Amino acid sequence: MRLRGYLCGLVGAGVLTGIHQIGRRVRSDAPRMDEMGMRALGRAMRGAGAEPPRDSLYQLALAGDLTANATYYSFIPARTSAATWTRAVLLGTAAGVGALLLPRHVGLGDPPHSDRLANQLMTVSWYLAGALATAAVAELTSRRD
């Protein structure tokens with residue numbers, strides 16, 4: 001993975017995380033991927049024989065989410081502008097849909113409030129926003145003529 005791609009992805013992950021943080025404070029039915037991260041991290045730690053730390057589990061899950069999302073979004077920058085934006089739309093939409101559908105299939109249960117249409121639309125659009133932010137940074141930092 002190229003450093004530039006990861007840094008662009010980190011910006012997109014930061015945008016996504018910021019939107020999630022604001023959303024959970026503003027709306028009671030907001031997507032709560034932080035809760036999914038805590039479930040996953042707690043499960044992994046218990047599987048490894050460790051007790052999840054109650055006082056820092058949220059921060060650890062948030063750091064894991066940022067890292068995972070930055071890595072995922074790092075695949076957005078491409079050789080051409082059209083390819084970059086196409087990847088952003090496809091990968092952002094896929095991430096949002098995956099965030100709604102995958103947790104149940106990997107044993108984490110359903111995301112909170114994911115039965116509500118507003119929550120589903122927010123989830124997909126927020127992941128898409130992170131991907132589009134990644135593409136925008138990639139475009140701003142590209143060396144294309």
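Each Lys and Arg adds +1 at its Cβ and each Asp and Glu adds -1 at its Cβ; summed about the Cα centre, the stretch 3-140 shows a dipole of about 80 debye. Label zone of Ser125 (point 7 Å out along Cα→Cβ, amide N under 14 Å): in the stretch 73-117 this covers 117.
Taking a Cβ cut-off of under 14 Å around Leu10, the surrounding Lys, Arg, Asp and Glu residues balance to a net charge of +1, with basic ones at +1 and acidic ones at -1. Based on every Cα atom in the stretch 3-140, Rg and the maximum pairwise Cα distance Dmax equal 15.2, 47 Å. Of the residues Met36, Ile76, His113, the one whose Cα sits farthest toward the positive end of the charge dipole of the chain, with +1 on the Cβ of Lys and Arg and -1 on the Cβ of Asp and Glu, is Ile76. Neighbour counts of C-beta atoms inside 10 Å place Leu3, Leu128, Leu90 in the sequence Leu3, Leu90, Leu128, starting with the fewest.
The trypsin sites (Lys or Arg not before Pro) of the stretch 1-57 that DSSP puts in a loop, and whose beta carbon has at most 11 other beta carbons within 10 Å, are Arg2, Arg54. Ordering Tyr73, Tyr127, Tyr58 from the fewest to the most neighbouring beta carbons within 10 Å gives Tyr58, Tyr127, Tyr73.
Ordered by the count of other Cβ atoms within 10 Å of each Cβ, fewest first, Leu100, Leu117, Leu57 give Leu117, Leu57, Leu100. Our note on the geometry: Cα centres of the stretch 1-71 and the stretch 108-145, 14 Å apart. Relative to the longest principal axis of the Cα atoms of the chain, the long axis of helix 3-26 lies at roughly 50 degrees.
Here, each number is a calculation from the coordinates, and none is a lab measurement. Since this is a predicted model, take the numbers as computed values, not measurements. In this analysis, Cβ positions are derived from the backbone assuming ideal geometry, glycine residues included, and neighbour counts consider all displayed protein chains.
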